[in-house]
Structures are given as structure tokens and as C-alpha cells.
Amino acid sequence: MRLLMSIASVLVLGVAANGCSDSIGPESIVGRWAQDNTVPGSGLEITLALDGSAVSGPGTWCGEALGCGSTSTTGVATGNKIHLITTFDDGRVEMFDGTLTSSNSLVGSMRSTSSVQIDLPHAQSFHRAPYVPPRTQ
């Protein structure tokens, strides 16, 4: 009887621990993301929202010696797969296809599809950026 109680206890704890695991799905894309592997002084940050499977949100970019600007991102999230199209205020358009590998990591490939610059897909990743409240003066 003790053996059965011990086994039952282990099973209950296992199910409870599994229920608390880091579930990765489309809702994990919601939030602020920063591009990895950028040249110092450059980068892309996007803040994404989810409506059904549709992803959208604003962002900012900076380029080394190019200044900074704004972006607009749209896309689709299905399971842990993400497809994003980011339009930059300088006319560039970049496509990203990736996978949420955790609730804080997005890994895939990006390529420019605009007439300004067309390039081959290259490895790209994003990490969840901390929320920074707006500054008041």
C-alpha cells in the first residue's frame, strides 16, 4: 500500500510540475523584442501584439552612422512558428521567419525584400527585451 501511495505521489507531483512548464505558443510572441548580433550603435526593437494569429506592432531601428527611425511590423504566428514583415520608415522591408525556442528567444532567418536592398537570408535571432516605461519630464 505504501508503494502505491509513493507512486501516486510521484505521479501527482510530475503532472503538477509539467503543468507549470514554459509553454511556447503564439501568445509567447507578445511583448518587446530586441535583435541580437548587431553592430554597436545599430539595432532593431519591435513591440508585438497578437490578435488571433495576426501579429503587429511598432518598433524602432538605429543604424551605425545612419541615424534612427521607426518601423511597423505585421505577420502571422502559428504554434511556435513566426513570420514577420517589418517596414522601415526609410523604405526598407525585411522578412523574418523563425521559431520561438522559449518565451524569451526567437531564432530564424531574415532577408531584405525591398528595392533599396535585396539580400540572401541570413541567420537572425531576437531576445525578449525588458519593459522600459516612458520617461516623463
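The values are calculated or read from the model by the stated rules, or taken from the named source; none is laboratory data. On a predicted model such as this, the values are computed, not experimentally measured, just so you know. Virtual Cβ from ideal backbone geometry, glycine too; neighbours counted across all protein chains shown. Side chains are part of the model used for accessible areas, which takes the heavy atoms of the whole protein and leaves out ligands, DNA and RNA. Shrake-Rupley method; radii C 1.70, N 1.55, O 1.52, S 1.80 Å.
Set side by side, the residues 77, 34, 54 differ, and just one is of a type in the set (A, V, I, L, M, F, W, C) and touching a residue at least 60 places away in the same chain (Cβ under 8 Å), which is 34.
Does residue 75 meet the test of being within 17 Å of the chain's Cα centre (by Cα), at pLDDT below 95 and crowded, with 17+ Cβ neighbours inside 10 Å? Here the answer is no, as residue 75 does not meet what is asked. Residues in the range 78-92 that are within 20 Å of residue 39 (Cβ to Cβ), assigned to a strand (DSSP E or B) and open to solvent by 20 Å² or more (accessible area, probe 1.4 Å): 0 in all.
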